[in-house]
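What follows is a short report on a single structure.
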């Protein structure tokens with residue numbers, strides 16, 4: 001067996017061999033790359049069962065080039081996030097400096113279980129934590145952060161900390177015969193409740209709180225619900241609120257929620273302080289604007305976009321009142337998956353997760369730092385923190401301001417141009433995020449405003465909803481045929497903010513750093529052209545609209 005072909009030479013760092021193999025793979029993947037299209041080329045006639053049925057592991061070693069040739073077809077249909085027309089989720093183009101740093105570090109297989117298994121690379125995690133602490137207005141010498149499995153992890157950590165605060169014996173004795181509850185926003189991510197189920201505490205005991213017409217928590221009702229549950233004998237462990245929701249980028253009134261929590265503690269004489277977590281995995285990036293000169297406006301952002309960024313920044317800056325929050329660098333941080341940071345204001349809270357007593361930052365020395373003693377994972381990759389650090393350093397505060405500012409400005413332009421069509425309704429014209437939600441009006445409803453549409457009978461609402469779902473399916477078909485240069489998602493379940501009306505919507509997430517006024521105008525022209533083709537076709541042959549159709553799985 002030719003070991004050097006697979007593992008390199010132990011006397012070398014083997015970078016040249018790695019680059020050589022990547023070039024070979026790149027040449028083999030190149031035929032699938034599709035310039036100016038949202039997806040790589042490929043066949044959509046693919047059965048996982050049929051594929052796996054033919055798979056058989058080889059007995060003898062295969063040549064590296066043969067393996068790369070075998071792997072390369074799996075790159076078919078891959079989304080191209082750099083393309084300005086790829087708007088199917090909050091997934092960004094990847095900063096190449098961050099990617100190169102994380103890929104190179106992985107060649108040496110560092111394990112962030114403890115520093116002696118990864119050298120000083122683990123300092124990257126602490127450094128990123130310092131920078132984000134500074135942006136949030138926290139004392140970085142008192143905070144602690146850890147990169148984890150994704151947004152689900154950043155919400156699981158605070159739930160566990162909240163339980164430890166309310167019932168310190170729980171990890172040892174279990175939670176039998178205890179009735180815990182946590183609260184979240186009714187507009188929050190479903191994982192908030194799912195996590196409570198995974199912890200064995202019952203997902204229904206993570207109680208969704210009502211929101212107003214702006215999708216933000218109604219403080220008075222939230223306080224009443226929390227107090228009522230405490231008075232019924234339940235143990236209140238904490239709150240998980242929005243710091244930038246996926247569609248509307250809703251940020252709950254964080255300071256008001258913190259004050260609410262403190263009132264509840266005083267009113268009910270709680271011997272502990274329930275934990276306040278903010279699910280800011282998207283909204284955290286607006287912290288870069290806390291130092292922006294909104295008066296001088298050096299980026300020359302349009303007035304409307306500037307006002308949105310200023311308001312969003314004002315709301316996100318209230319993270320300083322929270323106990324913890326999550327930040328997904330693989331969403332609004334332009335890093336590769338997975339790079340999710342959970343950060344807590346008081347490091348003592350973090351050390352409630354394990355048996356080890358809290359260690360001050362000043363006491364931490366190389367050779368004694370062992371995150372596995374408190375972390376969710378024993379084995380952890382270097383990818384998240386290395387890519388985040390390299391990206392933060394390469395872009396800097398002004399670089400992030402430029403990228404986020406441009407996305408907001410181009411989103412506003414996209415919405416404005418779409419709204420010029422009489423047959424389109426942009427539902428979230430004034431929201432501060434970068435998701436754009438709109439509906440196509442069927443011919444019979446062309447003259448109606450959104451308010452008028454919302455007053456229609458349910459069967460009419462369903463007709464409009466189905467019309468839009470079929471349009472999204474039509475776009476999917478055009479993508480499969482490689483005929484268009486954009487793609488976006490559709491939701492069957494979207495409700496117009498402030499209502500319970502499930503009208504559905506087209507959802508466009510413009511995330512490409514290459515968006516500019518020219519590319520946006522070209523995109524809108526093409527979207528309107530495809531819409532006209534759809535309206536002329538009336539039917540999408542061979543595609544059905546029912547709850548079992550594959551649309552949701554593809555376009556969630």
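Evaluating residue 483 against the criteria (1) closer than 17 Å to residue 531 by Cα; (2) without any contact (Cβ under 8 Å) to a residue 12 or more places away in the chain; (3) surrounded by 16 or more Cβ atoms within 10 Å (Cβ to Cβ) leaves one unmet condition, (3). Scanning region 244-263 for residues that are buried (at least 24 other Cβ atoms within 10 Å of the Cβ) and in a loop (DSSP other than H, G, I, E, B) yields 244, 249, 250, 252.
All conditions but one from (1) touching a residue at least 24 places away in the same chain (Cβ under 8 Å); (2) surrounded by fewer than 23 Cβ atoms within 10 Å (Cβ to Cβ) apply to residue 266; the one that does not is (1). For residue 153, the requirement of being farther than 29 Å from residue 213 by Cβ, without any contact (Cβ under 8 Å) to a residue 12 or more places away in the chain and either assigned to a helix (DSSP H, G or I) or out of contact with any strand residue (DSSP E or B) (no Cβ under 7 Å at 6 or more places or on another chain) (or both) is not met. How many residues are under 30 Å from residue 125 (Cβ atoms), touching a residue at least 12 places away in the same chain (Cβ under 8 Å) and part of a helix (DSSP H, G or I) if we restrict to region 282-335? Of the residues in that region, 23 qualify.
Does residue 98 count as under 27 Å from residue 290 (Cβ atoms), buried (at least 16 other Cβ atoms within 10 Å of the Cβ) and within 22 Å of the chain's Cα centre (by Cα)? Answer is yes for this residue. Here 505, 553, 490 are screened, and the one residue that is modelled with pLDDT under 95, loosely packed, with under 14 Cβ neighbours inside 10 Å and under 24 Å from the mean Cα position of the chain (by Cα) is 553. When every residue of region 106-125 is checked against the conditions, at least one turns out to be touching a strand residue (DSSP E or B) at 6+ places or on another chain (Cβ under 8 Å), modelled with pLDDT of 95 or more and part of a helix (DSSP H, G or I). For region 383-440, the set of residues classified as in a loop (DSSP other than H, G, I, E, B) and buried (at least 20 other Cβ atoms within 10 Å of the Cβ) consists of 427, 428, 431, 432, 433, 434, 435, listed by residue number. The set of residues in region 418-439 being touching a strand residue (DSSP E or B) at 6+ places or on another chain (Cβ under 8 Å) and either modelled with pLDDT under 90 or within 30 Å of residue 252 (Cα to Cα) (or both) consists of 418, 419, 424, 425, 426, 427, 428, 435, 436, 437, 438, 439.
Note on region 259-279: residues that are more than 18 Å from residue 206 (Cα to Cα) and within 24 Å of the chain's Cα centre (by Cα) amount to 0.
Here is a yes/no grid of residues against (1) in contact with a strand residue (DSSP E or B) (Cβ under 7 Å, 6 or more places away or on another chain); (2) assigned to a helix (DSSP H, G or I); (3) farther than 30 Å from residue 526 by Cα:
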{"residue": "34", "(1), (2), (3)": "no, no, no"}
{"residue": "37", "(1), (2), (3)": "no, no, no"}
{"residue": "42", "(1), (2), (3)": "no, no, no"}
{"residue": "46", "(1), (2), (3)": "no, no, no"}
{"residue": "52", "(1), (2), (3)": "no, yes, yes"}
{"residue": "57", "(1), (2), (3)": "no, no, yes"}
{"residue": "62", "(1), (2), (3)": "no, no, yes"}
{"residue": "66", "(1), (2), (3)": "no, yes, yes"}
{"residue": "70", "(1), (2), (3)": "no, yes, yes"}
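Taking the condition free of Cβ contacts under 8 Å to residues at least 40 places away in the same chain and assigned to a helix (DSSP H, G or I), does residue 172 pass?
Yes: the conditions hold for residue 172.
The values are calculated or read from the model by the stated rules, or taken from the named source; none is laboratory data. Since we're looking at a predicted model, the values are computed, not measured. A quick note on method: Cβ atoms are made from the backbone with ideal geometry, for glycine too, and the neighbour counts reach across all protein chains shown.
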